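Written out below as structure tokens is the structure these notes cover.
The values are calculated or read from the model by the stated rules, or taken from the named source; none is laboratory data. None of the values given here were measured: they were computed from a predicted structure. Counting neighbours? That spans all protein chains shown, and the Cβs are built from the backbone with ideal geometry, glycine included. Accessible surface is based on the protein model in full, side chains and every heavy atom, while ligands, DNA and RNA are left aside. Shrake-Rupley method; radii C 1.70, N 1.55, O 1.52, S 1.80 Å.
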Amino acid sequence: MPNIKSAKKRVRSNARREKVNTLVTSSMKTAIKNFEKSVKAGNKEEAAGTLNIAVQRIDKAVSSGLVHQNKGARLKSRLTKMKNAME
């Protein structure tokens, strides 16, 4: 355990930030999985809606620094290709 006051505060703030970061990455992964399920089902309208949500969640993770910019671009490109292949 830390003895210095600033170190104690840092432990508390890190715990709060960890919760938020976990929430953002988890929601991104869930959105991607939901999109992939709708593509497998062959539902074009649902796939279009879930793609938009997945792209928003990826962008949020990239902007907060949880996912590297190139990985975010790669994920969005792959998801868009999957959607375009449906048509």
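Per-residue surface analysis assigns ARG16 an accessible area of about 140 Å², computed on protein heavy atoms at 1.4 Å probe radius. Bridgeable lysines around LYS60 (alpha carbons under 28 Å apart, same-chain partners fewer than 8 residues away excluded): LYS9, LYS19, LYS29, LYS33, LYS37, LYS40, LYS44, LYS71, LYS76, LYS81, LYS83.
Ranked by the mean number of other Cβ atoms within 10 Å per residue, highest first, peptides 49-62, 28-41 order as 49-62, 28-41. Mind jotting down the distance between the C-alpha centroids of segment 17-55 and segment 67-87, whole Å? Between the Cα centre of segment 67-87 and that of segment 17-55, the gap is 12 Å. Axis angle, to the nearest 10 degrees, between helix 69-86 and the longest C-alpha principal axis of the chain: 20 degrees.
Going by a ≥ b ≥ c, the root eigenvalues of the Cα gyration tensor, does segment 16-64 fall in the rounded group (a/c under 1.5), the prolate group (a/b larger than b/c) or the oblate group? It would help to have the intermediate numbers written out before the result.
Working: a/c = 4.34, a/b = 2.40, b/c = 1.81.
Verdict is prolate for segment 16-64.
Only helices enter this figure: runs of n ≥ 4 DSSP H residues, each worth -39500 (n - 2.57), summed and divided by the residues of the chain, yield -30500 deg cm²/dmol at 222 nm to the nearest 500.
Determine, from the Cβ-Cβ distance of MET1 and ASN21 and an R0 of 30 Å, the FRET efficiency 1/(1 + (r/R0)^6), rounded to the nearest 0.05. In this case the efficiency is close to 0.85.
Per 0.36 nm of contour for each residue apart, how much would the distance between ARG74 and ARG10 grow if the chain were fully extended, relative to their Cα-Cα spacing? All intermediate terms of the calculation are to be shown ahead of the outcome.
Numbers: separation 64, 0.36 × 64 = 23.04 nm, distance 3.38 nm.
In short, 19.7 nm is gained.
Across the chain, Cα-Cα pairs more than 20 Å apart make up 45 percent of the total.
Taking the Cα centre of the chain as origin and assigning +1 to Lys and Arg Cβ atoms and -1 to Asp and Glu Cβ atoms, the resulting dipole is close to 660 debye.
Using the Karplus relation 6.51 cos²θ - 1.76 cosθ + 1.60 with θ = phi - 60°, the per-residue 3J(HN,Hα) values for segment 25-40 come to 5, 5, 5, 5, 5, 5, 5, 5, 5, 5, 5, 4, 5, 5, 5, 4 Hz, with x marking Gly and Pro.
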